[in-house]
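Below you'll find the structure, written out as structure tokens, and then a few comments.
The values are calculated or read from the model by the stated rules, or taken from the named source; none is laboratory data. A quick note: this is a predicted structure, and the numbers were derived from the prediction, not measured. Here the Cβ positions follow ideal geometry from the backbone for every residue, glycine too, while neighbour counts run over all protein chains shown. For accessibility, only protein heavy atoms count, side chains too; no ligands or nucleic acids. Shrake-Rupley method; radii C 1.70, N 1.55, O 1.52, S 1.80 Å.
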Amino acid sequence: MTTTRVAERAGVSVGSLYQYFSSKDALLQALLERKLGSIAAALERAARESAGLPLQPRVRRLMQALLAVKAENAELGAELARQAPRLEKQGSMQKMTASARALVRALLEAHEHEIACDDIELASFMVVHAVSGVVDAAVLGESPLRYDDPDLLERLTALCLHLVGAL
């Protein structure tokens, strides 16, 4: 990716592109933040829309929402995942992880009667990082997983439920 190619594809001059983005990294950072914002919004919407349901269908809806957002423009998502560690100066990934952990913690607190774990903070940490690890591996092409694979959705749901003692 070069800024020249990005400007050509966008139908603007390189100078115009540099008015908004000082470098290729600034452009990538903006794209990363946009993708993370989409993920956060999808997860929050899934949590809100599934309120009142038992834990298992709520977790399934969250995993479904995550996979759907990750599937959108998957090539760009893979490149952003590769670049994210280098771009992490802004703390975007840390903010997203903290937001996801808070969402999972709230979900688990709302369903304490359905889980068998004493440490919800630890369970939230483990769920977020376990799912992130599996999905990132899929994004980066380290496995034959496809986002639309129903088995992936079911196994991610089962993984989360197992980690919190709900299975």
> Relative contact order of region 1-103: what whole-number percent is it, with Cα pairs under 8 angstrom and at least 6 residues apart?
Replying inline: 29
> For the chain, what size does the Cα cloud have along each of its three principal axes, sorted from largest down, in whole Å?
Replying inline: 58, 30, 27
> What accessible area, in Å² to the nearest ten, does a 1.4 Å probe give for GLU33?
Replying inline: 80
> Considering every Cα-Cα pair within region 102-141, what fraction, in whole percent, is farther apart than 13 Å?
Replying inline: 54
>> I want to make sure I understand the PRE zone here: with the label point 7 angstrom from the Cα of LYS89 toward its beta carbon, which residues in region 23-49 have backbone N atoms less than 17 Å away?
In response: 23-33
>> Leaving out ligands and nucleic acids, and using a 1.4 Å probe, what accessible area per residue does the chain come to in Å²?
In response: 57
> For region 1-86, how big is the tail of P(r) above 16 Å, as a whole percent of Cα pairs?
Replying inline: 61
> So which trypsin sites (Lys or Arg not before Pro) in region 45-117 pass both tests, a DSSP loop state and at most 14 other Cβ atoms within 10 Å of the Cβ?
Replying inline: none
> Between ALA116 and ALA71, 0.36 nm times their residue separation minus their Cα-Cα distance comes to what?
Replying inline: 13.0 nm
> Can you give me the Cα centroid spacing of region 23-54 and region 68-107 in angstrom?
Replying inline: 8
>> Computing the accessible area with a 1.4 Å probe over protein heavy atoms, can you report the carbon and sulfur percentage for region 89-158?
In response: 55
